[in-house]
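Asks: Once you've had a glance at the structure underneath, I'll fire off some questions.
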């Protein structure tokens with residue numbers, strides 16, 4: 001493999017990363033981050049890999065080496081959490097995770113001696129908390145969000161508990177998961193090393209991953225520890241007690257992660273504060289309602305992670321809490337803080353739509369960002385039939401306007417014909 005050369009391995013890697021629907025805008029900070037996470041050789045090789053899952057045999061062909069040598073190197077990348085492995089019909093496959101939630105976070109989900117964690121954290125802080133391009137692209141470049149907020153179930157009344165849907169419950173996600181991984185909170189770990197420790201001293205060991213991602217992170221490099229459902233529920237309860245917000249992958253089925261976030265460290269909640277009233281994540285289907293029992297103590301204002309609550313003079317001339325509905329996430333943290341039980345969560349009038357699964361979310365985001373072709377084509381070659389069928393299957397179920405946007409981007413006679421037939425069926 002020594003014959004693979006590049007004048008700028010990290011530039012090629014940056015371009016490869018930006019084939020994702022979610023990319024990473026280039027900057028000096030990004031290149032320094034990549035230099036810490038990847039050796040020059042690793043950067044050269046990874047830049048050549050497909051976006052879609054691939055086998056060691058496929059990698060060996062791309063790298064012009066033996067399958068055994070390719071497998072060894074792929075395993076090494078998995079140990080560094082730069083790749084995630086899975087098994088499809090008994091065949092091991094590999095895929096490069098996106099920047100977030102992905103390889104950027106994985107690097108700090110455990111204590112590592114092979115990298116300078118303080119320097120990396122300082123670079124992360126510069127790239128994500130000082131520079132704005134990455135955060136704006138991550139949270140605001142598409143209508144469909146990467147993450148969504150889970151309502152804190154203990155904050156719901158019995159009546160509202162009846163109406164909550166399974167996929168809105170973090171507890172349901174835990175119960176349904178095939179594997180559950182527990183790791184260090186990347187956000188608070190980063191901020192601690194960068195000299196900005198968590199203001200509320202929230203726990204670090206509350207980062208939950210699920211399914212194949214949890215298995216891969218645990219078995220390769222121990223970036224997470226596999227736990228049972230009881231311990232996962234304990235993590236959830238500890239996070240509730242610390243007034244943390246649950247933010248998970250914005251899908252109904254099999255989300256890959258649930259983070260337990262504080263307003264002072266989490267990039268999403270920081271973005272909500274900085275770019276208010278724009279929402280960086282999908283809200284819950286709930287909103288807090290303040291009753292006349294409010295005494296204006298200000299405790300809810302202090303715990304709100306996105307500063308959506310303020311103390312205002314009421315019509316009766318007394319100070320009371322007021323919620324900015326354009327900013328509020330509907331997490332329920334404020335409900336648990338009220339000593340007078342004067343806050344209740346009620347269903348929003350307009351319900352939030354959540355993508356079915358990861359493929360659905362990827363396609364929606366790709367259409368909205370104008371990068372759909374990157375899901376269909378890979379290194380200028382047609383995708384395999386299974387991958388294309390998954391993408392086209394999602395497109396055919398989209399509203400007509402989204403289908404038109406997809407057709408324009410794809411510029412495919414085949415796709416146009418499929419969509420024409422679909423429209424004809426509706427008539």
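The values are calculated or read from the model by the stated rules, or taken from the named source; none is laboratory data. Because the structure is predicted, anything quoted here is derived from the model rather than measured. Neighbour counts are summed over all protein chains in view; Cβ atoms, including those assigned to glycine, are modelled from backbone coordinates with ideal geometry.
Asks: If you take just the strands (runs of 3 or more DSSP E) that sit entirely in the stretch 237-315, which of them hold at least 1 residues that are under 25 Å from residue 184 (Cα atoms) and touching a helix residue (DSSP H, G or I) at 6+ places or on another chain (Cβ under 7 Å)? If you could, list the steps in order and put the result at the bottom.
Replies: Numbers: elements: 245-249, 257-261, 286-290, 309-313.
Counting at least 1 such residues, we get 245-249, 257-261.
Asks: State all residues of the stretch 222-232 that are closer than 20 Å to residue 150 by Cα and buried (at least 16 other Cβ atoms within 10 Å of the Cβ); if no residue qualifies, say none.
Replies: In the first step, residues of the stretch 222-232 are kept if they are closer than 20 Å to residue 150 by Cα; the result is 229-232.
Residue satisfying the conditions is 232 alone.
Asks: Given the criterion in contact with a helix residue (DSSP H, G or I) (Cβ under 9 Å, 6 or more places away or on another chain), over 24 Å from residue 271 (Cβ atoms) and surrounded by fewer than 22 Cβ atoms within 10 Å (Cβ to Cβ), identify the matching residue among 219, 159. Give the steps one after another, and end with the answer.
Replies: Details: 159 fails: in contact with a helix residue (DSSP H, G or I) (Cβ under 9 Å, 6 or more places away or on another chain).
Sole residue among the options that is in contact with a helix residue (DSSP H, G or I) (Cβ under 9 Å, 6 or more places away or on another chain), over 24 Å from residue 271 (Cβ atoms) and surrounded by fewer than 22 Cβ atoms within 10 Å (Cβ to Cβ): 219.
Asks: Which members of the stretch 320-348 meet the condition of being without any contact (Cβ under 8 Å) to a residue 60 or more places away in the chain and surrounded by 15 or more Cβ atoms within 10 Å (Cβ to Cβ)? Write out each step before concluding.
Replies: First pass over the stretch 320-348, keeping only residues without any contact (Cβ under 8 Å) to a residue 60 or more places away in the chain: 320-328, 334, 338-343.
Those that are without any contact (Cβ under 8 Å) to a residue 60 or more places away in the chain and surrounded by 15 or more Cβ atoms within 10 Å (Cβ to Cβ): 320, 321, 322, 323, 327, 328, 334, 338, 342, 343.
Asks: May I pose another question? So which residues in the stretch 133-156 are at pLDDT 90 or above, surrounded by fewer than 20 Cβ atoms within 10 Å (Cβ to Cβ) and in a loop (DSSP other than H, G, I, E, B)?
Replies: 143
Conditions (1) in contact with a strand residue (DSSP E or B) (Cβ under 6 Å, 6 or more places away or on another chain); (2) under 19 Å from residue 150 (Cα atoms); (3) in contact (Cβ under 8 Å) with a residue 12 or more places away in the chain; (4) buried (at least 16 other Cβ atoms within 10 Å of the Cβ), marked per residue:
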residue	(1), (2), (3), (4)
185	yes, yes, yes, yes
201	no, no, no, no
212	yes, no, yes, yes
241	no, yes, no, no
256	yes, yes, yes, yes
275	no, no, yes, no
